[in-house]
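Asker: Pasting in a structure now, in structure tokens, and then I'll have a few things to ask.
The values are calculated or read from the model by the stated rules, or taken from the named source; none is laboratory data. In this text, all values refer to a predicted model and were calculated from it rather than measured experimentally. Positions of Cβ are generated from backbone atoms using ideal geometry, with glycine treated the same way; all protein chains shown enter the neighbour counts.
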Amino acid sequence: MQNFFERVESRTNAWPAGRRDLHWHLLPQPAAARELVERYRELTHRPGLEAVPAKWLHVTVLHSGPEQEASDQEVKEITSRVRKAVAGTGAVELTFARPAIGNVAIECAARPGGAARRLWEATWTATREVVGERWPLIPATYYPHTSISYAGRDAHLADRGELKQSLSDIDGSEATLTFPTLALVSQWHDGRHIVWEHLADVPLTEPADDTTTRG
């Protein structure tokens, strides 16, 4: 496999270690997150891999941009626009497939993608309306998924063939999770794990209001 963190640090729109970037996420309830990661623990804790702890499990909706490049007022305005755009659209229900062994991560793709994709479109529209062309669209095309392990600094030790063989011996079914809230976070990585500070919640099942939070 290839080092996931090296890839995001060296891409055209690089995300270096330690830099806080604004992200929009769908976050699973703690119990559901624990169940999902524990189900595949013997797969994700292999040499070359960095397993995702349950508390940091997430479904990225939009990788927005460097937090230091946005003023408090801009973050507040983006959040307000997102809140108005998604208010009352309803909770997002996603069914996560069994893991797939990718080149840089082990991930569970989710379906149906339509509702989550509309959140991607809404968050990007709100962001662009406020910051213009300052930030690129990441990801450029969207499908909902959650990564349960990333290839790290010793990625060469993670053999995809062996991992696929191990996966075939794990009796794990699909999992359906419901997300009533969209979260804005200030997120960074240290070359091993992705973590964040929570900034705001945007309900998907309630009418819009003017309440925003920034930590």
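Asker: State the number of residues belonging to the range 182-200 that are outside any loop (DSSP other than H, G, I, E, B) and either under 14 Å from the mean Cα position of the chain (by Cα) or surrounded by fewer than 17 Cβ atoms within 10 Å (Cβ to Cβ) (or both).
Answerer: Total satisfying the criteria: 13.
Asker: OK, next. Looking at Val8, Val59 in this structure, which one is under 30 Å from Ser166 (Cα atoms), touching a Ser or Thr at 6+ places or on another chain (Cβ under 6 Å) and either surrounded by 21 or more Cβ atoms within 10 Å (Cβ to Cβ) or modelled with pLDDT of 95 or more (or both)?
Answerer: Val59
Asker: Just the residues that are within 26 Å of Pro16 (Cα to Cα) and either modelled with pLDDT under 95 or buried (at least 19 other Cβ atoms within 10 Å of the Cβ) (or both), please, taken from the range 68-85.
Answerer: Ala70, Val75, Ile78, Thr79
Asker: Also: Residue check: is Ala183 among the small types (Gly, Ala, Ser) and touching a His at 6+ places or on another chain (Cβ under 7 Å)?
Answerer: yes
Asker: Next question. Look at Leu163 and say whether it is in a helix (DSSP H, G or I) and surrounded by 13 or more Cβ atoms within 10 Å (Cβ to Cβ).
Answerer: Yes; evaluated as a whole, the condition is true for this residue.
Asker: What residue, of Lys55, Lys84, Lys76, is under 14 Å from the mean Cα position of the chain (by Cα) and among the basic types (Lys, Arg)?
Answerer: It is Lys55.
Asker: Restricting attention to the range 140-178, which residues are among the acidic types (Asp, Glu) and out of contact with any Gly (no Cβ under 9 Å at 6 or more places or on another chain)?
Answerer: Passing the criteria: Glu162, Asp169, Asp171, Glu174.
Asker: Considering only the range 113-152, state which residues are among the basic types (Lys, Arg) and part of a helix (DSSP H, G or I).
Answerer: If the condition is that a residue be among the basic types (Lys, Arg) and part of a helix (DSSP H, G or I), then Arg117, Arg118, Arg128 are the ones that fit.
Asker: Please go through the range 87-102 and pick out each residue that is out of contact with any helix residue (DSSP H, G or I) (no Cβ under 8 Å at 6 or more places or on another chain), of a type outside the set (A, V, I, L, M, F, W, C) and exposed (fewer than 15 other Cβ atoms within 10 Å of the Cβ).
Answerer: Gly88, Thr95
Asker: Then there is this: With respect to Leu177, determine if the residue is touching a Pro at 6+ places or on another chain (Cβ under 8 Å) and surrounded by 13 or more Cβ atoms within 10 Å (Cβ to Cβ).
Answerer: So Leu177 fits the description; yes.
Asker: When you go through (1) under 23 Å from Leu49 (Cα atoms); (2) more than 12 Å from the chain's Cα centre (by Cα); (3) outside any helix (DSSP H, G or I) one by one for Leu177, which number turns out not to apply?
Answerer: (1)
Asker: Related question: So is Tyr150 exposed (fewer than 15 other Cβ atoms within 10 Å of the Cβ), among the aromatic types (Phe, Trp, Tyr) and within 15 Å of the chain's Cα centre (by Cα) or not?
Answerer: For Tyr150, the condition - exposed (fewer than 15 other Cβ atoms within 10 Å of the Cβ), among the aromatic types (Phe, Trp, Tyr) and within 15 Å of the chain's Cα centre (by Cα) - is not met.
Asker: Against the conditions (1) at pLDDT 95 or above; (2) touching a helix residue (DSSP H, G or I) at 6+ places or on another chain (Cβ under 9 Å), where does His23 fall short? Just the number, please.
Answerer: For His23, the failing item is (2).
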